[in-house]
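Inspection log for the structure reproduced underneath, given as structure tokens.
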Amino acid sequence: MSDNGNRQGMGPGRRTKVESAWQVGDMLNRYCHCINLDKQLLRRGLEARLGGSGAYSRLVETHPHLLATSPIFVSRDQVDQMTEIIDSIESTVSLKTYQDVALEWAPEVGRMHHGPRGVFFGYDFHLTNDGPKLIEVNTNAGGALLILHLAAAQQACCPEVEDFVVGSANLQTLEQELVTMFREELRLQFPEKELRRVAVVDEDQNTQFLSPEFVLFKRLFEDQGIDAIILSPDELVLRNGELYADKRAIDLVYNRLTDFYLQSPQCKILKQAYRDAVVALTPSPYAHALYANKRNLTVLSDPGLLIDLGVNARVADVLAAGVPKTVLVSEDNAETLWKNRRGLFFKPTWGFGSKGTYRGAKLTRKKWEAILGSDYVAQELVPPSERLLINGGDQHTMKLDVRCYVYDGAIQLLGARMYRGQTTNFRTDGGGLAAVFTTQTQLS
């Protein structure tokens, strides 16, 4: 553990009983700098997937702030708290009363369900002294494979963090679980079908920031005997009740589009294929409507409404504590929201990542007028926790979000994004996607 005059009783024999799990993770995130990234191990792992010698160097050159070299720490208590929030959301989403409300906000295609649950749900949290706070849910969360490689290449240098390091990822095991997940998605819609070919679909896929991960998925599928194609939605063709790409029939589309309801002209064929249920699409418009439309946060953060919908009182309490209060922006509450804007964060209901989001304290009148003319929610501001990095002897404080990658209600992988500024941006030295380490048991 790095000392730097800031150890404050964290060494062996000096650590006293910690009042909360948050303090343990927070102290390690601030003062521990001794888990190092084995860059050669990371290089070998990524080059084996990205196309051989030089691939890692090209990735670093084109994406210098994609991968953070330092991990972050999360205690098992915090993981258990995040799990309880996720379980509570799953319990709520299973209720028809909730579904009726959420699907009312979706276009027609978002109300169609053909079986698949949706891969790579991303539950994004800020860690606070009052417990983890769910900032939002995403249904096409990227970065999982990159974080797996990062976690596998981390090495500890001191005994203080050994309990955390045991939570590092087993790359081969988790990759196999991910392939099994895609096979399960196909089975849910087509029980008798075998997964032979996957299309990884995104608009202008070669220019997407996380396009290197598309290649990682292609190699992962191919290693398991599954043909994989990376393409744009306008390259798809419907023929004789099947979806084709390059004269090859597609069994499943891994959807990386941020056009969640397939509304653009490019998505016309894919939308028709989804309507006709001729291909398994995951994650689907239906999954986005139930989980990721940010209007849903106005329901999940309202305990009175949840009770009216038939939600268990305990579940309503968990969500009231774990989901920051969120309201729909309207002319009726505009004056109050503007007055209290410094304590709020504004997000488009169908937005993704940080696009179109505004911290109230930075909001101008011009932007506010634009928000009032759009479809936005206002969320109680929850400052992110921090990670202290040391680079060349200089200290840098980074903000961090923790992401739980979830399938069928279960956490598959923990990851994080480190950044400086208003939102996650992948433009900060030392920032980017980060591995997460945790303990196997609760801390006392």
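The values are calculated or read from the model by the stated rules, or taken from the named source; none is laboratory data. Keep in mind that this is a model prediction, so the values were computed, not measured. Neighbour counts run over all protein chains shown; Cβ positions are idealised from the backbone, glycine included.
Please find, within region 350-372, the residue that is nearest to Lys399 (Cα to Cα) out of those that are at pLDDT 90 or above and part of a loop (DSSP other than H, G, I, E, B). Among them, the one singled out is Leu363. Among the residues of region 236-281, what is the count of those that are touching a His at 6+ places or on another chain (Cβ under 6 Å) and at positive phi? Of the residues in region 236-281, 1 are touching a His at 6+ places or on another chain (Cβ under 6 Å) and at positive phi.
Annotation note: Cβ proximity below 6 Å between a residue of region 27-40 that is under 23 Å from Val60 (Cβ atoms) and a residue that is small (Gly, Ala, Ser) and modelled with pLDDT of 70 or more (sequence gap 6+ or interchain) occurs for Leu37/Ala153; Asp38/Ala153.
Residue-by-condition table, conditions (1) under 27 Å from Phe209 (Cα atoms); (2) of a type in the set (Asp, Glu); (3) assigned to a loop (DSSP other than H, G, I, E, B):
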position	(1), (2), (3)
Gln78	no, no, no
Thr83	no, no, no
Glu90	no, yes, no
Val101	no, no, no
His114	no, no, yes
Gly122	yes, no, no
Pro132	no, no, no
Leu145	yes, no, no
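Might you check whether a residue that is under 18 Å from Glu203 (Cβ atoms), basic (Lys, Arg), touching a residue at least 40 places away in the same chain (Cβ under 8 Å) and not in a loop (DSSP other than H, G, I, E, B) occurs anywhere in region 262-277? Yes; the residues of region 262-277 include at least one that is under 18 Å from Glu203 (Cβ atoms), basic (Lys, Arg), touching a residue at least 40 places away in the same chain (Cβ under 8 Å) and not in a loop (DSSP other than H, G, I, E, B).
When Ala321 is tested against the conditions (1) surrounded by fewer than 21 Cβ atoms within 10 Å (Cβ to Cβ); (2) in contact with a Ser or Thr (Cβ under 9 Å, 6 or more places away or on another chain); (3) assigned to a helix (DSSP H, G or I), the lone failure is (2). Scanning region 50-59 for residues that are closer than 18 Å to Leu210 by Cβ, assigned to a helix (DSSP H, G or I) and more than 22 Å from the chain's Cα centre (by Cα) turns up Leu50, Ala55, Tyr56, Arg58. When restricted to residues that are within 22 Å of Leu270 (Cβ to Cβ), assigned to a loop (DSSP other than H, G, I, E, B) and touching a Leu at 6+ places or on another chain (Cβ under 7 Å), region 169-226 contains 5. Among the residues of region 373-387, the ones that are over 22 Å from the mean Cα position of the chain (by Cα) and either in a strand (DSSP E or B) or under 21 Å from Asp26 (Cβ atoms) (or both) come to 0 in all.
Residue count for region 185-198 satisfying the condition of being crowded, with 16+ Cβ neighbours inside 10 Å and either in contact (Cβ under 8 Å) with a residue 60 or more places away in the chain or aliphatic (A, V, I, L, M) (or both): 6. Only residues that are within 26 Å of the chain's Cα centre (by Cα) and surrounded by 13 or more Cβ atoms within 10 Å (Cβ to Cβ): list them for region 358-372, please. Residues satisfying the conditions are Tyr358, Arg359, Gly360, Leu363, Ile371.
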